[in-house]
Amino acid sequence: MLKEYEPWKGMLPTSHYDKDKADKVINFISCLKHGKGKWAGKPFLLLDWQEKLVRDVYGTVTEEGYRQVRSVYCSVGKKCGKTELIAALCLYALCGDGEASAEVYCAAADCKQASICFNAALSMVRQNPALMKRMKIQESQKRMVYLPTNSVFAVLSGDAKYQSGYNISFLCFDELFCQPDDRLYNMLTSGTGDARAQPLHFLISTAGNDTNSICYKVYQKAKDIQEGRKSDPSFYSAIYEVGRDDPWDLEENWYLANPSLGITIDVERVREACESAKQNPFEESSFRQLRCNQWVTASTRWMPMAKWDACNMSVDPEKLKGHSCYAGLDLSSTQDLSALVLVFPPSGLEEPYAILSFAWVPEETIEQRSRRDHVHYQLWQKQGHILATPGNVIDYASIEAKIMELRDIYDIREIAYDRWNSQMLIQHLIDEGMTVVPFGQGMQSMSPPTKELFKLTLEKKLAHGGHPVLRWCMDNVVVDQDAAGNIKITKARATEKVDLAVALVMAL
């Protein structure tokens, strides 16, 4: 049992921790029994990580007494007990949550996968006389009805994506990474629980290998929230993984992805699997995905952010007045982020490259973007890290005016720009006597400065001043690599904006 509990850090100022509500769920689960393996027939006593999750999700309540959390993403290594936990929570939603005519569903890539959770729950019911006499079980249909409240728990059939009319109170997606597309996910999570007072979606999965999958999108959102890049008080993130920069074959790191290691998982078996993986690249990939919970064959974030943060030396714009610099200009389409980065080469061997960053978004879209994307646009605008242009589309005249202002302060030698955007603005800069250079976005142009940026970061030869929007963009960077080892930033596979990073590469 969890010895000490600290309330969830994502709690809103208007919410509070209700111990009685959390205890009710934990006590319900403790009345259930495991159904298979060495734990069969034994009471379901939550492990520390499981109890922490339950207390955070079910104990964090609003002023009205409803759960603050509406969606949970839980990702741990295989055999840590996530399916048994979700089966127990399905039964609580069915029998203990006090919801009249509750609709509880377990969905997965196919009916067989979804049935794993249902069968685990069914085994728990059959070992509990009190539940058995109140439950109508339709095993062939993978369905059970809790008679006192006429509540239903069912596995969604393979053609569920073409059905409608759900009024979901509790939804479990088991092994979300196996979903072939986002249709079932979107259908079941978009508005299907609006008539419920406190609907809850549980998304559980180990890591996958497809960055275009719905699971990877949810994973990235969960990581962004967990690491403070985004904010969504209704979304709870519980990710246990070995960091991509941490050695996957180091035993002490396995506990990061497997909080049940040594309890539900035999450490010796993991050691044996690791030794085998060292000899076989395919097994290595599988070991890292399933045991270390890493997205291994998918594109992952490129920049080691600890190294980037180590370059957080202050940059004084006043001291740079009159100094020579080079600019990278990444102009967006009408409603996206536009970026300008100035790079000041060092004047001595011991000095770093100094960086000044500027970003623009349309003023009328900032509030909507902040709310929709859960990105800190409004805060960054108030802090002066984002510049707002008038209207609801990017105003290139505002960007041009800022560039003219900067030209009068700094010696801007050249501006590198993507030739595919805003020829009119570029022509105006040329008319003003500025030197502009078209910069290709392919491997040939992008690879050398991209590699140089990485090298300078590792050597701590950059000073970026901790600009939060630049950091956000840098943390979003995903790179493509060709057979010759050339790399470039890819916007197509990045889940969020990378414009300032692209501008920095061009300037460099």
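The values are calculated or read from the model by the stated rules, or taken from the named source; none is laboratory data. Being a predicted model, the structure only gives us computed values, none of them experimental. Don't worry about glycine lacking a Cβ; one is built from the backbone with ideal geometry, like all the others, and counts go over all protein chains shown. Note: accessible area is taken over every heavy atom of the protein model, side chains too, but ligands, DNA and RNA are not part of it. Shrake-Rupley method; radii C 1.70, N 1.55, O 1.52, S 1.80 Å.
Residues of segment 69-87 that are open to solvent by 10 Å² or more (accessible area, probe 1.4 Å) and assigned to a loop (DSSP other than H, G, I, E, B): ARG70, LYS78, LYS79, GLY81. Pick from segment 416-463 the residues that are open to solvent by less than 60 Å² (accessible area, probe 1.4 Å) and touching a Cys at 6+ places or on another chain (Cβ under 7 Å): which of them is nearest to ALA401 (Cα to Cα)? Per the criteria, the residue is ALA463.
Highlighted here are the helices (runs of 4 or more DSSP H) found entirely within segment 207-309 that include at least 3 residues which are in contact with a helix residue (DSSP H, G or I) (Cβ under 8 Å, 6 or more places away or on another chain): 214-226, 267-279, 281-290, 305-309.
If you go through segment 352-401 and keep only what is part of a loop (DSSP other than H, G, I, E, B) and more than 25 Å from the chain's Cα centre (by Cα), you end up with PRO352, GLY384, PRO390, GLY391, ASN392, VAL393, ILE394, ASP395.
When PHE202 is tested against (1) in contact with a Leu (Cβ under 6 Å, 6 or more places away or on another chain); (2) closer than 17 Å to VAL218 by Cα, only condition (1) is not met. Considered as a group, the residues in segment 323-346 that are outside any strand (DSSP E or B) and modelled with pLDDT of 95 or more include one that is least open to solvent (accessible area, probe 1.4 Å), and that residue is PRO345. The residue that is nearest to the chain's Cα centre (by Cα), counting only those in segment 88-107 that are hydroxyl-bearing (Ser, Thr, Tyr) and outside any strand (DSSP E or B), is TYR92. Restricting attention to segment 24-34, the residues that are out of contact with any Lys or Arg (no Cβ under 8 Å at 6 or more places or on another chain) and open to solvent by 10 Å² or more (accessible area, probe 1.4 Å) add up to 5. Applying a threshold of 9 Å to beta carbon distances and a minimum spacing of six or more residues, or different chains, the list of pairs starting in segment 110-128 at a residue that is closer than 20 Å to THR206 by Cα and ending at one that is open to solvent by 70 Å² or more (accessible area, probe 1.4 Å) and among the hydrophobic types (A, V, I, L, M, F, W, C) is empty. When you scan segment 353-384, how many residues do you find that are open to solvent by 30 Å² or more (accessible area, probe 1.4 Å) and closer than 18 Å to ALA327 by Cβ? Matching residues across segment 353-384 total 2. When segment 177-212 is limited to residues that are of a type in the set (D, E, K, R) and within 26 Å of CYS80 (Cβ to Cβ), the one that is modelled with the lowest pLDDT turns out to be ASP210. For segment 38-49, taking the residues that are of a type outside the set (A, V, I, L, M) and open to solvent by 10 Å² or more (accessible area, probe 1.4 Å), the one that is nearest to the chain's Cα centre (by Cα) is identified as TRP49.
Does GLY65 fit the bill of being buried (at least 17 other Cβ atoms within 10 Å of the Cβ) and in a loop (DSSP other than H, G, I, E, B)? No. PHE173 fulfils the conditions (1) open to solvent by less than 20 Å² (accessible area, probe 1.4 Å); (2) at pLDDT 90 or above; (3) over 21 Å from the mean Cα position of the chain (by Cα); (4) not aliphatic (A, V, I, L, M) except for a single criterion, (3). Confirm whether VAL104 is closer than 27 Å to ARG183 by Cα, at pLDDT 95 or above and among the hydrophobic types (A, V, I, L, M, F, W, C). So VAL104 fits the description; yes. Of the residues examined, ASN258 is not one that is farther than 30 Å from ILE415 by Cβ and touching an Asp or Glu at 6+ places or on another chain (Cβ under 6 Å).
On the stretch given as segment 131-147, residues that are touching a residue at least 24 places away in the same chain (Cβ under 8 Å) and either part of a helix (DSSP H, G or I) or open to solvent by 40 Å² or more (accessible area, probe 1.4 Å) (or both) total 3.
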